Amino acid sequence: MKSKRLTIQINKPINDVFKFTITPPNSTLWIDGVVEEKTNEWPVRVGTVYKLKNKKGEYSEVSVNTIIENKVVEWISKDQNYHCRYTFRSLNKNLTELKYFEWVDKGNLEDPFTLEIFQKLKVVLEQCKGLSWTVGEVEIFQIIEIQAGELIQSTLKSATPENIQKIQWLYPHFADEKGNLKALVQSLLVKSEGKYILIDTCNGNGKTRPTIPEWGNLNTDYLKKLNDLGVSELEIDFVICTHLHFDHVGWNTRLENFTWVPTFPNARCLFSKKEYDYWIEKPEKEIDDDKFAFDDSVAPIVKARLAKLVDNNYKIDKNLRLISTPGHTPDHVSIMIESEGKRAIISGDFLHHPCQIANPNWTMDADTLPDIALQTREKLLNHVANSSILLIGSHFSNPVAGLIKKAKDGFIFEV
Ligand SMILES: [Zn+2]
């Protein structure tokens with residue numbers, strides 16, 4: 001192949017798309033092969049050199065030979081053989097078309113760009129805002145903390161790339177072409193009857209997590225994303241943790257003067273009583289990260305008298321109630337939303353990835369009671385299948401929500 005052309009539309013103003021794509025450190029967020037990218041000067045102009053490092057540790061260089069703001073950027077390799085051009089066009093205030101053209105004068109393209117790379121760019125750029133849904137009078141907003149595909153795949157033993165590639169509907173939203181899973185750690189902010197209810201609070205910043213260090217010591221802009229929705233920490237009325245795993249309780253607290261203090265000081269934090277009673281014993285079979293999380297993200301809430309221990313069918317208000325979905329942890333709950341005849345379920349972790357919709361018998365390593373977790377998945381999927389109940393998957397990548405349909409064997413997820 002001597003040349004490659006690709007076109008993608010991104011739901012963002014042209015200025016955002018242009019700025020994001022030419023900014024060197026951003027490349028690592030959307031081009032999997034690039035682990036580092038730097039320029040010799042900033043802002044970028046004709047002659048600016050971009051130095052890239054790939055996964056194998058090899059460096060390459062391209063320099064800018066054309067740049068017109070919000071219109072076009074063209075790069076050329078050091079040996080002048082390889083060329084690459086991005087052309088930007090505004091389709092409307094919030095929609096931009098990006099055309100990609102790369103070519104070589106001699107030989108073949110070594111590693112041509114794929115549409116999948118651009119789909120990732122689209123997701124990364126569009127996620128800056130986050131998705132939202134309406135269920136009757138209830139509004140739901142997404143707050144993304146981090147990507148979780150790799151870790152979730154490593155704990156779902158049946159979800160090998162070969163097995164994932166067989167489930168064709170997972171592509172492009174929930175898996176890439178090669179069978180790698182896409183997933184997120186995210187919170188869902190629910191607005192119901194004028195109150196703000198935060199469902200699950202992700203990993204949090206600066207927490208010690210010896211077993212899964214990738215999800216420890218984070219420094220994300222999670223709270224800024226909440227504030228960007230026009231909501232401050234002080235305005236959260238309730239926090240609900242579907243279960244007490246470390247990736248669902250982290251932002252309950254933040255570090256202040258070497259002490260873990262409540263991040264949402266005006267929120268009542270709802271924990272299932274039975275779930276709480278399980279984790280307070282620090283069960284030997286569970287990983288250290290969950291025990292650490294109990295101490296740094298659950299106990300301080302109890303100490304501050306903000307915790308409310310409830311039954312697993314607790315009714316939060318006229319639109320929201322807990323439903324029991326045990327197995328992943330002993331008293332895991334999901335959230336049922338019912339308003340004006342519309343219904344939705346926020347899953348928590350009774351499902352981790354849509355591949356378990358296709359194969360409910362795919363067990364996750366972190367399930368405390370795998371047999372009960374399987375029963376729960378089958379029961380819930382059968383209950384929701386072919387209905388108008390929107391399933392919002394707590395770890396699902398964008399578009400996160402969809403409908404369950406019965407298929408020949410198993411189920412499919414329609415988004
Ligand atoms: Zn989780």
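Read-outs throughout are calculated quantities, based only on the coordinates presented, and are distinct from any laboratory measurement. The structure displayed is predicted, hence computed values, not measured ones. When we count neighbours, we look across all protein chains shown, and the Cβ atoms used for this are built from the backbone with ideal geometry, even at glycine.
Using the Cα centre of region 1-146 as origin and beta-carbon charges of +1 (Lys, Arg) and -1 (Asp, Glu), tell me which of ILE144, TRP42, TRP75 is placed farthest towards the positive end of the dipole.
TRP75
Can you list the residues of region 386-415 with backbone N under 17 Å from a point 7 Å past the Cα of ASN163, pointing along Cα to Cβ?
Within reach of a label on ASN163: 409-412.
Can you list the HN-Hα couplings for region 404-414, worked out from phi with the Karplus curve (6.51, -1.76, 1.60; θ = phi - 60°), rounded to whole Hz and with x for Gly and Pro?
So the Karplus estimates, Gly and Pro as x, are 8, 10, 6, 10, 3, 10, x, 9, 10, 10, 9 Hz.
Quick one: which residues, 5+ away or cross-chain, put their amide H under 5 Å from the amide H of THR208? H built at 1.01 Å from N.
Answer set, sorted by chain and number: ASN217.
Using label points projected 7 Å from each Cα along Cα→Cβ, tell me how many nm separate ASP16 and GLU37, to one decimal.
1.9 nm
What fraction of the DSSP beta bridges in the chain is antiparallel, stated in percent and rounded to the nearest 5? Provide the component values of the computation, followed by the final result.
Details: 79 of 93 bridges.
Around 85 percent antiparallel, to the nearest 5.
Using the structure shown, select from LYS191/LYS274; LYS93/LYS178; LYS342/LYS406; LYS178/LYS406; LYS55/LYS178 the pairs with a Cα to Cα distance greater than 24 angstrom. Show your work: numbers first, answer last.
Numbers: LYS191/LYS274 27 Å; LYS93/LYS178 34 Å; LYS342/LYS406 20 Å; LYS178/LYS406 26 Å; LYS55/LYS178 17 Å.
Distance filter (> 24 Å) returns LYS191/LYS274; LYS93/LYS178; LYS178/LYS406.
Can you give the extra length, in nm with one decimal, that the chain gains between LYS106 and ILE8 once fully stretched, where that is 0.36 nm per residue apart less the Cα-Cα distance? Mind showing how you got there, number by number?
On the way: separation 98, 0.36 × 98 = 35.28 nm, distance 2.71 nm.
Extra length from LYS106 to ILE8 when fully extended: 32.6 nm.
Reported to two decimal places, what Rg/Rh ratio describes the chain when computed on Cα atoms with Rh from the Kirkwood expression? Write down the numbers at each step before the final one.
Numbers: Rg = 22.9 Å, Rh = 23.0 Å.
Expressed as Rg/Rh, it is 1.00.
Taking amide hydrogens as modeled 1.01 Å from N in the peptide plane, which residues meet the under 5 Å criterion relative to SER272, leaving out close sequence neighbours?
Correct list: VAL310.
Measure up LYS122/LYS182; LYS291/LYS379; LYS19/LYS99; LYS56/LYS225; LYS273/LYS405; LYS56/LYS157 against 23 Å on the Cα-Cα distance and list the ones that go over.
Working: LYS122/LYS182 14 Å; LYS291/LYS379 30 Å; LYS19/LYS99 15 Å; LYS56/LYS225 34 Å; LYS273/LYS405 34 Å; LYS56/LYS157 27 Å.
Going by Cα-Cα distance, LYS291/LYS379; LYS56/LYS225; LYS273/LYS405; LYS56/LYS157 fall outside the 23 Å limit.
Give me the extension gain from ARG343 to LYS224: residue separation times 0.36 nm, minus the current Cα-Cα distance, reported in nm with one decimal. Write out the running numbers ahead of the final one.
Numbers: separation 119, 0.36 × 119 = 42.84 nm, distance 2.94 nm.
Length gained, ARG343 through LYS224: 39.9 nm.
Please sort by residue number the trypsin sites (Lys or Arg not before Pro) in region 45-105 whose DSSP state is loop and whose Cβ has at most 12 other Cβ atoms within 10 Å. Each step should come with its number before you reach the end.
Working: sites: ARG45, LYS51, LYS53, LYS55, LYS56, LYS71, LYS78, ARG85, ARG89, LYS93, LYS99; in loops: ARG45, LYS55, LYS56, LYS71, LYS78, LYS93.
Counting only loop positions with at most 12 other Cβ atoms within 10 Å, the trypsin sites (Lys or Arg not before Pro) in region 45-105 are ARG45, LYS55, LYS56, LYS78, LYS93.
Just how large is the dipole of the chain about the Cα centre, in debye to the nearest 20, putting +1 at every Lys and Arg Cβ and -1 at every Asp and Glu Cβ?
Working: 51 positive and 56 negative charges, 210 e Å.
Using Cβ point charges on Lys, Arg, Asp and Glu, the chain gives about 1000 debye.
For region 332-372 and region 240-301, write down the distance between their C-alpha centroids in whole Å.
Each part reduced to its Cα centre gives a spacing of 21 Å.
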